[in-house]
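First the structure, in the form of structure tokens, and then the observations on it.
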Amino acid sequence: GYRGRSKNGSPCPVSAPHGSLPVLSVVPERSSGFEFGHMIIQKNGEVCRCGSKGCFEIYGSMRRFKNDIRYNLNLPENTDGEELLNIVKNNQANPIVKEIIDEYIENLCIGISNIVDILEPQAICIGGGFSYYKEIFLEKFINEFYNADYVFYKENMPKIVIAELGNDAGIIGSALYA
């Protein structure tokens, strides 16, 4: 995770639940627990495993992104992560791939902006599978997040960083926090 500190010295980790979302929890100025994956970002959206409709976990997960790539490019379901990454890298100009990337980035912006509006963290550290795709996603995400009208209080936007521990950030951070 992000090894930064908040103003009061407490860590500011953000990591992934069940390997499905690039964002799970933020430790703000106070100690609390949150489940951001089940924050609704799509009214009457698809049904989540929790039973609600339109959860951030459904629309902002790497699982969703990868499944959309497989489905829309007619790839076999067993196409592994590394192969998918190479397909996406080599086909970013493909209108179908571009649309899937843009939709994924938009969903992340919606979900993360809700977190920022509520908690006003100093940093958002993105881990999980996103870290493998950072060359494809990060610049687009940062440009969209900082330049579009997602966040209410733009004067103090959080720093966006990639988890130094990549996909293992959530597991390691949870173990250290326990």
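Could you list, in sequence order, all residues of segment 132-156 that are open to solvent by 70 Å² or more (accessible area, probe 1.4 Å) and touching a residue at least 40 places away in the same chain (Cβ under 8 Å)?
Tyr132, Glu135
If you scan segment 138-166, which residues turn out to be among the β-branched types (Val, Ile, Thr), in contact with a strand residue (DSSP E or B) (Cβ under 8 Å, 6 or more places away or on another chain) and not in a helix (DSSP H, G or I)?
Correct list: Ile160, Val161, Ile162.
Any residue in segment 55-68 that is surrounded by 24 or more Cβ atoms within 10 Å (Cβ to Cβ) sitting within a Cβ distance under 7 Å of a residue that is in a helix (DSSP H, G or I) and aliphatic (A, V, I, L, M)? List the pairs, counting only those 6 or more apart or interchain.
Gly60/Leu108; Phe65/Ile100
When segment 39-54 is examined, which residues are found to be in a loop (DSSP other than H, G, I, E, B) and open to solvent by 50 Å² or more (accessible area, probe 1.4 Å)?
Residues of segment 39-54 that are in a loop (DSSP other than H, G, I, E, B), as a first pass: 39, 41-46, 48-52, 54.
Within segment 39-54, Gln42, Lys43, Asn44, Glu46, Arg49, Cys50, Gly51 qualify.
Scan segment 55-86 for residues that are under 19 Å from Leu108 (Cβ atoms) and part of a loop (DSSP other than H, G, I, E, B) and report the count.
Qualifying residue count for the region: 2.
Looking only at segment 159-173, how many residues end up being in contact with a Leu (Cβ under 9 Å, 6 or more places away or on another chain) and within 19 Å of Pro121 (Cα to Cα)?
Result for segment 159-173: 4.
Restrict the check to segment 124-137 and report whether at least one residue is part of a helix (DSSP H, G or I), at pLDDT 90 or above and hydrophobic (A, V, I, L, M, F, W, C).
Among the residues of segment 124-137, at least one is part of a helix (DSSP H, G or I), at pLDDT 90 or above and hydrophobic (A, V, I, L, M, F, W, C), which makes the answer yes.
Output yes when any residue across segment 96-108 is without any contact (Cβ under 8 Å) to a residue 60 or more places away in the chain, surrounded by fewer than 17 Cβ atoms within 10 Å (Cβ to Cβ), in contact with a Ser or Thr (Cβ under 7 Å, 6 or more places away or on another chain) and on the phi < 0 side of the Ramachandran plot, and no when none is.
No, that holds for no residue.
Do we find a residue being under 20 Å from His38 (Cβ atoms) and part of a loop (DSSP other than H, G, I, E, B) anywhere in segment 87-106?
Within segment 87-106 (the criterion being under 20 Å from His38 (Cβ atoms) and part of a loop (DSSP other than H, G, I, E, B)), the answer is no, since none of the residues qualifies.
Can you work out which of the residues in segment 69-81 that are touching a residue at least 12 places away in the same chain (Cβ under 8 Å) and not polar (S, T, N, Q) is surrounded by the most Cβ atoms within 10 Å (Cβ to Cβ)?
Step one: filter segment 69-81 for residues touching a residue at least 12 places away in the same chain (Cβ under 8 Å), giving 69-70, 72-73, 75, 81.
Still in the list and also not polar (S, T, N, Q): 69-70, 73, 75, 81.
Working: Ile69: 21, Arg70: 16, Leu73: 16, Leu75: 14, Gly81: 13.
Step by step, filter segment 69-81, then rank; the result is Ile69.
Filter segment 113-138 down to the residues that are under 12 Å from Ser61 (Cα atoms) and over 11 Å from the mean Cα position of the chain (by Cα) and list them by number.
Matches in segment 113-138: none.
With (1) in contact (Cβ under 8 Å) with a residue 60 or more places away in the chain; (2) out of contact with any Pro (no Cβ under 8 Å at 6 or more places or on another chain); (3) in a helix (DSSP H, G or I); (4) open to solvent by less than 40 Å² (accessible area, probe 1.4 Å) as the list, and Gly173 as the residue in question, which single condition is left unmet?
Every listed condition holds for Gly173 apart from (2).
The values are calculated or read from the model by the stated rules, or taken from the named source; none is laboratory data. As the structure is a prediction and not an experimental result, all values here were calculated from the model. Glycine gets a Cβ as well: all are built from the backbone with ideal geometry, and neighbour counts include every protein chain shown. Calculation scope for accessible area: heavy atoms of the full protein, side chains included, ligands and nucleic acids excluded. Shrake-Rupley method; radii C 1.70, N 1.55, O 1.52, S 1.80 Å.
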